[in-house]
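Right, one structure below, let's go through it.
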């Protein structure tokens, strides 16, 4: 998970109408007193904020008053120590993008030991297990990713200092994997039967050049998925509903080359063409909303100071909160590249300069609407844990794939406190971490439904 992709935050204060509950307070109606979009430059109010539907609040109230669900919540609290040990064990297994197999094998064994017999490693390397519902319900993916940003040679040894556990990858996203295991044990201990199917997934390729390959493969293979709940190292009270879409290109210019003096006027320059393209790209105007960005992040080329460059290369990053706008900006940039070659060839009366494109990144995205049932359910579940301030923000995660397909998706916190993600001193404070697992499982049970207790809030999609 990457924390530099989107700065958009939606912050609101919830006025809680408390009703009687067993495990924790549950609001019967959520009416925020304020809602704001926060970025580095301005604070602007937005309105209206969606009120949580009464059926959502009533579903969560009913669930949390149920004796089986109470038992599951108590199991999550008692399971905190085992979940921590699994976090440590999995964290010490290297898992860079395209190198997740050993961690996948270990996670698969843990799933099976936690009571999920129908589990396997799929063709892409994802660990996928199905906990069947009673039938005629939705299919909900619950997911954390296996890979980390760290190279295979990184030293991975968890160390305890000042009450925190330090190790690269411990929060992003190894703790999320442990939450999935804890959910399984809680469901089995309470003998809870969901109405819908729960698809437990440890995904590959979420980070960097992994390019969301695990999620892309999963949703290509399983057309019947109706919703997605991901676990990533977000703070308590925070959820991610926005996934900036990203496209990256490597552009290579090729020309004959020649002496800077003797061949001048006869051959075009690959570097000059690249410069023309950068100038055109830098002049492109993008909208503030949806936030859309671009940058030429890497350039290289040429052979010497006195050679007309036979080659040049650049890497371009394009992002947007909206897939349609991303495509618009992508076309503008690709047109600028083509024009740069045409102009450089015309300048010298030749056609010997060419270019090639290589797509080196393609992370789909978009936004789950704030008034969707999956967002409302998550907010109500957070309020049930007495989270009076809720933040909806944007992160680039596996959720970008289902969101781009129009499938309801949200990413939730795993509990505990986190710091230093993507750094060698990444840390996890496990104090009361089970509370995050309780919020997540409350959300999942509300969406999938509990047999004999509540109907699923998640709607079965019409898949053609």
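Coordinate-derived values only; no laboratory data. Source: prediction; values computed, not measured. Cβ: placed from backbone, ideal geometry, glycine included. Neighbour counts: every protein chain shown.
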Contour minus end-to-end for residue 266 and residue 351, with contour as 0.36 nm per residue of separation and end-to-end as the Cα-Cα distance?
29.5 nm
Can you tell me the orientation of helix 80-91 relative to the chain, as the angle in degrees between its alpha-carbon axis and the longest Cα principal axis, to the nearest 10?
20
Which shape class, rounded, prolate or oblate, goes with the stretch 303-397 when its Cα gyration tensor gives a ≥ b ≥ c as root eigenvalues, a/c under 1.5 marks rounded, and past that a/b bigger than b/c marks prolate?
prolate
Could you tell me the calculated FRET efficiency between residue 386 and residue 282, based on Cβ-Cβ distance and R0 = 45 angstrom, to the nearest 0.05?
0.40
For the chain, calculate the relative contact order in percent as a whole number, restricting contacts to Cα pairs under 8 Å that are 6 or more residues apart.
23
Starting from the Cα of residue 317, step 7 Å along the direction of its Cβ; do the same at residue 191; then give the gap between the two resulting points in nm.
5.3
Modelled label-to-label distance, residue 118 and residue 300, 7 Å Cα→beta-carbon offset: nm?
4.9
Residue 51 to residue 224: extension gain in nm, 0.36 nm per residue of separation minus the Cα-Cα distance?
59.4 nm
Residue-normalised 222 nm signal for the chain, counting each DSSP H run of n ≥ 4 as -39,500 (n - 2.57), nearest 500 deg cm²/dmol, is -10000 deg cm²/dmol
Two-site label geometry, residue 85 and residue 159: point separation in nm, points 7 Å out along Cα→Cβ
2.4
Considering the zone a paramagnetic label at residue 358 would reach in this model (a point 7 Å from Cα along the Cα-to-Cβ line), which residues of the stretch 231-266 have amide N under 16 Å from it?
248-255
Could you state the number of Å between the C-alpha centres of the stretch 76-151 and the stretch 253-297?
45
